[in-house]
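Read-outs throughout are calculated quantities, based only on the coordinates presented, and are distinct from any laboratory measurement. This is a predicted model, so every value here is computed, not measured. Because the Cβ atoms are built from the backbone with ideal geometry, glycine has one as well, and the counts that use them run over all protein chains shown.
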């Protein structure tokens with residue numbers, strides 16, 4: 001397949017983003033996360049030439065030149081500062097983006113499909129059946145959809161050189177909560193690797209300390225603190241992601 005521009009997804013016909021990965025060039029769907037391998041036709045750049053009369057071999061950007069530092073290679077946003085992305089990991093995933101000066105760029109929550117339906121009034125169960133009792137699909141399918149949505153959102157937001165931050169939670173309220181945390185953490189690490197972003201791990205309770213001055217703040221306190229600082233009404237997951245990003249922005253240990 002030859003393509004000069006990203007194509008639509010062959011699975012759901014959603015918009016795609018051209019990505020360079022270790023397995024080749026992929027068109028990654030922003031809606032379902034499906035990756036389609038493509039072969040991009042490009043012209044090969046002219047190799048570097050040595051200066052006339054010089055006995056030294058030609059140098060390429062990024063290679064050491066004698067005792068000098070390597071030649072810097074341009075990366076990141078063209079003409080833009082890096083951004084800090086805070087992610088609250090879980091079945092309801094909060095994602096907040098801040099500028100380096102602390103200004104709010106965007107904040108959102110991506111919620112697993114069956115959780116959305118349960119909140120709409122359909123009862124859930126504490127058992128672990130093969131088929132989701134709320135969504136009426138296999139459990140792995142609802143999780144796959146949620147992970148794909150989070151991955152597509154992060155790939156759309158994060159640019160090379162940005163900072164991604166998440167909270168290092170070691171104890172969870174249930175096994176399902178631990179599995180949810182691990183699933184989204186894997187996506188965060190993958191996107192950080194693809195985008196060559198800096199990954200920051202925020203200690204537990206540090207975001208609450210940043211928001212309220214103490215590490216045992218309630219959810220309502222976090223929401224109120226986010227409203228006061230950024231002037232936005234948000235849910236608990238968005239509030240957590242905002243202050244996770246703020247801790248990373250300040251560089252607090």
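Fully extending the segment from residue 219 to residue 101, taken as 0.36 nm per residue of separation minus the present Cα-Cα distance, adds 39.9 nm.
Taking 0.36 nm per residue of separation and subtracting the current Cα-Cα distance, fully stretching the chain between residue 108 and residue 185 would add 26.0 nm.
Ranked by how many other Cβ atoms sit within 10 Å of their own Cβ, fewest first, the residues 183, 151 fall in the order 183, 151. Ordering 143, 193 by the number of other Cβ atoms within 10 Å of each residue's own Cβ, fewest first, gives 193, 143.
Report note on the peptides 161-167, 213-219, 107-113: ranked by the mean count of other C-beta atoms within 10 Å, highest first, their order is 161-167, 107-113, 213-219. Spin-label model, residue 201 to residue 82: label points 7 Å out along the Cα-to-beta-carbon direction sit 1.8 nm apart. Taking a ≥ b ≥ c as the square roots of the Cα gyration tensor eigenvalues, with a/c under 1.5 meaning rounded and otherwise prolate when a/b beats b/c, else oblate, which class fits segment 136-222? Since a/c reaches 1.5 but b/c is at least a/b, the shape of segment 136-222 is classed as oblate. Model label sites at residue 193 and residue 141, defined 7 Å from Cα along the beta-carbon direction, differ in position by 2.9 nm.
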